Structure formats: structure tokens, C-alpha cells
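Notes follow once the structure below has been shown.
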Amino acid sequence: MMGEPIEEPRAGQPRRFLHVLNGDETRSKLEQSAVPGTLTVWADVLHEGPCLLVPADEWRRMRSSFLASRGYLPEPQILQQYREWDEKLAAFPDYDEVIFWLEHDLFDQLLLIRHLHWLASESGRSGPTFAMICIGAFPGVPDFTGLGQLTPGQLASLLDARHTISDAEMELGVCAWERFCAPDPSGLAALLSDDTSALPFLADALRRFLADYPAVGTGLSRSERQILEAVASGASTPAGAFHAAQGMEERVFMGDASYWSIARGLASGRAPLLEIDAARSAGRLPDGRMYVTPAGFGVLTGRADHVVLNGIDRWMGGVHLTDGRWRWNGGTVGRQA
């Protein structure tokens, strides 16, 4: 169950808020609203790259090195961003209330369990109130995808709907994060059979994460398969394939940088599945065309296996995939002989 609603302070006693947001788009909207307090962002793409239970300094170095290798930003710039995020969070004793603003998709649910694990490790948790806003829909927004989609006024209206973080939420978040960071995915897969109702969006998010393990029969992650299917169906520009692949998601979670990194991976290796003829443009994605190769069609139709053709070297949380033995079978992840 969720925690209790927040009791507002008496008149003349303004409450000092720290709002921990899921991205810059949410922050830019809240800056235009009447919501009081300090706004900060903590928005790591935790569904990409290594996530291990290591000390904070080692975590920042590990994540910065990985994201720089994927072309996000130069490593020193990423490292500085992590330090700034962590410094803002470390200042939580200066506030009366810390509020985490999140939504229902994989990106945010991983942020959520990471935040809950961090909270559990903080001996000063008894200081401020810790609260959460986590939604999967908004009245009058039929195709809700996230907080950044809402107007400043709509976001401001969510403040009164926040609730204190409960012990049940904390316990499940800690368990889920530790399993996510473990070197074996069996525990995370088993969590899908447990009671996860304390965090109602978590199970679907983790199932979507596990679906990006190589699939039985093709070796494709779900994200890879969706990109290939989008291009094969005629969405052959980088932007067109991105939007088509997004349309295949129940809950959109992936940004264009993550998508483009996967697409470039499909165009590399011994037997590329994509051919990309694209040039830099003024937009976030390049201009040009993409084509499914004969090898790509062979994998899509199950006549070949992507991992067998091209190998694999990918981190999934705490799991380093270097062979094709961990496979998604459509319902869970299991180990093949």
C-alpha cells in the first residue's frame, strides 16, 4: 500500500521542498508553474550499460565511461553531471520534504527503485519527509506518455496527490534494485511472480527490460526487433524508424539517443542487419536512409541468430552478456545449454 497523504504545515510555516525530477523537460514545465521549492534532476538511462552495487565514486566513473563510449557526451562532462545530481540529493537534510516525480515507464521505474535503495542507505531518513508522485495516466490526456507531456498547471495539480513513501514501497524497491544489479538475472525474473503491488508499475517495466535479452530463436532484443521491423515495413529514415518503433511500445521509455545507439549496433558486426546511409543533420537524429540487409531479414524470419552471427557484448543491469546463453523466451529469462 502507498504511504499516507502529506499533512500541510500551518499558516505562516512555509515548507522547504526539494523536487527530484525525472528529466529536464519536467523541470522546464515546473519552472513555469506555481509549485514552490528547489528543482533538481536525476535522470540516468539505467536500462543501458552496467549497474553494479559499488560505492558512489566508482558508480559515477563506471557510468560516465560507459555513456561516453556510447557517444552521449564527453566523459568529464557526464561525470560532472553525476556529481551535481548527487550533491543536490545529498543536501536533503536542508529540506522539510523531498518529493520524487516519476511515471510508469521503464526509464522511470528504474529511477524509482534506485532512489528507494539510496533512501534505505541514508541514516538521515528520519529528517525530512520523503514523498512520491508516480502516475500512469492523467485526466483529459488520452495518450499519456509522461510528465513532460503535461502543462505547468497540470503538473502543479499533482502536488496534492503526493504520498509519503511507505515501508512496503521501500522494501520492494530495495529488493528490486539489488536483483537488477546482480550478476545473474534469475532473481529479477523471479520477482515477476512475487507480489509487486506496492509499486504497481514495476512488474510491467521489469518485464519490458527482460524482453531486451536476446530472444530464443533470433538472438534479437525486443528493441532491436522493433527497429528492424519498422525499417522493413517502410519507415526507412532514422526519424521515421524511431517513431514507428516507439509506436510498438505499451509504455514509451526510450529516447532517440538510446534508439540510435541500438540502430548503429545493428549496422555493425560481422554480418550487419542494417545498412545505414545517413549524414549529420541539425536535428537530434541524422538525415538519410536505412535498409534491412539480407542477414537482417534472415534473423527477422528466424532463419539465423543475431548472437551467433555477430556475438554479443552488452550490459543488462548487473549482467554482462558475452554469450547467448541467457535468453528471453517470451515470458521470462532462462539459461540455454
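The values are calculated or read from the model by the stated rules, or taken from the named source; none is laboratory data. These figures come from a predicted structure and were not determined experimentally. Backbone-built Cβ (ideal geometry, glycine too); neighbour counts: all protein chains shown. These area figures cover heavy atoms from the full protein model, side chains too; ligands, DNA and RNA do not enter into them. Shrake-Rupley method; radii C 1.70, N 1.55, O 1.52, S 1.80 Å.
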**Request:** Starting from residues that are part of a loop (DSSP other than H, G, I, E, B) and out of contact with any helix residue (DSSP H, G or I) (no Cβ under 6 Å at 6 or more places or on another chain), keep the ones in region 51-70 and report whichever is nearest to residue 209 (Cα to Cα).
**Result:** 51
**Request:** Tell me, yes or no, whether region 62-72 has at least one residue that is closer than 22 Å to residue 256 by Cβ, touching a strand residue (DSSP E or B) at 6+ places or on another chain (Cβ under 8 Å) and among the hydroxyl-bearing types (Ser, Thr, Tyr).
**Result:** no
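Please tell me if residue 331 is small (Gly, Ala, Ser), within 30 Å of residue 53 (Cβ to Cβ) and without any contact (Cβ under 8 Å) to a residue 24 or more places away in the chain.
The answer is yes for residue 331.
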**Asked** Conditions: (1) in contact with a strand residue (DSSP E or B) (Cβ under 9 Å, 6 or more places away or on another chain); (2) over 25 Å from residue 332 (Cβ atoms); (3) buried (at least 17 other Cβ atoms within 10 Å of the Cβ); (4) hydrophobic (A, V, I, L, M, F, W, C). Residue 244 meets all but one. Number of the miss?
**Response** (1)
**Complete:** Scanning region 287-311 for residues that are surrounded by fewer than 18 Cβ atoms within 10 Å (Cβ to Cβ) and in a loop (DSSP other than H, G, I, E, B), the one nearest to the chain's Cα centre (by Cα) turns out to be 311
**Request:** Assess whether residue 73 counts as being assigned to a loop (DSSP other than H, G, I, E, B), modelled with pLDDT under 95, open to solvent by 20 Å² or more (accessible area, probe 1.4 Å) and not acidic (Asp, Glu).
**Result:** yes
**Complete:** Picking from 239, 271, the residue that is over 18 Å from the mean Cα position of the chain (by Cα) and more than 18 Å from residue 304 (Cβ to Cβ) would be 239
**Fill in**
Flagged in region 79-114 as of a type in the set (Asp, Glu), open to solvent by 10 Å² or more (accessible area, probe 1.4 Å) and over 15 Å from the mean Cα position of the chain (by Cα), in numbering order, are 84, 86, 87, 94, 96
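Name the residues in region 125-135 that are open to solvent by 30 Å² or more (accessible area, probe 1.4 Å) and either at pLDDT 95 or above or small (Gly, Ala, Ser) (or both), would you?
Within region 125-135, 126, 127, 134 meet the criteria.
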**Item:** Restricting region 51-66 to residues that are surrounded by 18 or more Cβ atoms within 10 Å (Cβ to Cβ) and under 13 Å from residue 320 (Cβ atoms), the residue that is nearest to the chain's Cα centre (by Cα)
**Value:** 51
**Asked** When you look at residue 187, is it over 24 Å from residue 88 (Cα atoms) and touching a Pro at 6+ places or on another chain (Cβ under 9 Å), yes or no?
**Response** no
**Prompt:** Restricting to region 28-50, what's the tally of residues that are part of a helix (DSSP H, G or I) and buried (at least 18 other Cβ atoms within 10 Å of the Cβ)?
**Reply:** 2
**Prompt:** If you go through region 312-322 one residue at a time, do you hit one that is hydrophobic (A, V, I, L, M, F, W, C) and at pLDDT below 95?
**Reply:** no
**Prompt:** What residue, among those in region 210-241 that are assigned to a loop (DSSP other than H, G, I, E, B) and β-branched (Val, Ile, Thr), is surrounded by the most Cβ atoms within 10 Å (Cβ to Cβ)?
**Reply:** 218
**Request:** Sort out which residues of region 115-137 are under 19 Å from the mean Cα position of the chain (by Cα) and charged (D, E, K, R), and write them in order of number.
**Result:** none
**Prompt:** In region 251-270, is there at least one residue being of a type in the set (Ser, Thr, Tyr), within 21 Å of residue 104 (Cα to Cα) and not in a loop (DSSP other than H, G, I, E, B)?
**Reply:** yes
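Yes/no per residue for (1) touching a strand residue (DSSP E or B) at 6+ places or on another chain (Cβ under 8 Å); (2) open to solvent by 40 Å² or more (accessible area, probe 1.4 Å); (3) part of a loop (DSSP other than H, G, I, E, B); (4) under 24 Å from residue 17 (Cα atoms):
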{"site": "143", "(1), (2), (3), (4)": "no, yes, yes, no"}
{"site": "153", "(1), (2), (3), (4)": "no, yes, no, yes"}
{"site": "156", "(1), (2), (3), (4)": "no, no, no, yes"}
{"site": "184", "(1), (2), (3), (4)": "yes, yes, yes, no"}
